[in-house]
Amino acid sequence: QVQLVESGGGLVQPGGSLKLSCAASRAIFNIKAVAWYRQAPGKQRELVAQRPNGGDIIYADSVKGRFTISRDNTKNTMYLQMNSLEPEDTAVYYCNIRTTWDSFWGQGTQVTVSS
């Protein structure tokens, strides 16, 4: 079974930056898409960014121009670079890897944007 381990969350002031990482316990094959989601208190989980294999990257309107999703296949790791953070970005962030047959989730990492 694949495990996804997230890191990089924390407390940051408005306007600051964080880079989230999501490392897979082993190489994953037949990836259809990698994505980051987030869930704020009292709200539903929402898509932040998705990088389909061979397709266009999708960003939520609220993060366009501020967040960047990427992956490093040599390290079995995906990233979310978050710049110009706003208090509204406060949430638990989850990574997701979807293959032909499975969907894997990280355990979540807390991001808090506050002065």
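Worth pointing out:
- Only protein atoms count toward the accessible area here, which uses a 1.4 Å probe; on the chain, the carbon and sulfur part of that area reaches 46 percent.
- Accessible area in square angstrom per residue, the chain, 1.4 angstrom probe: 55 Å²
- Excluding exposed DSSP-loop chymotrypsin sites (Phe, Trp or Tyr not before Pro) (at most 13 other C-beta within 10 Å), longest clean stretch of the chain: 30-100
- The stretch 53-115 pair-distance distribution - Cα-Cα, 10 Å bins, rounded %: 16, 49, 29, 5, 0
- Gain upon complete extension [S25, Q110; 0.36 nm per residue less C-alpha separation]: 28.5 nm
- Considering only T99, I58, M82, and ranking their Cα positions along the charge dipole of the stretch 40-101 that arises from unit charges at the beta-carbon of Lys, Arg, Asp and Glu, the one farthest toward the positive end is T99.
- Sites excluded, trypsin sites (Lys or Arg not before Pro) in DSSP loops with at most 12 other C-beta within 10 Å, longest stretch of the chain: 65-115
- Spin-label model distance (nm) - Q39 vs T74, 7 Å beyond Cα toward Cβ: 3.6 nm
- Mean projected area in nm² (Cα convex hull; one quarter of hull surface) for the stretch 8-115: 6.7 nm²
The values are calculated or read from the model by the stated rules, or taken from the named source; none is laboratory data. This one's a predicted model, so the numbers in the text were calculated from it and none came from an experiment. Positions of Cβ are backbone-derived with ideal geometry, glycine not excepted, and every protein chain shown enters the neighbour counts. Just so you know, the surface numbers come from the protein's heavy atoms only, side chains and all, with ligands and any DNA or RNA stripped out. Shrake-Rupley method; radii C 1.70, N 1.55, O 1.52, S 1.80 Å.
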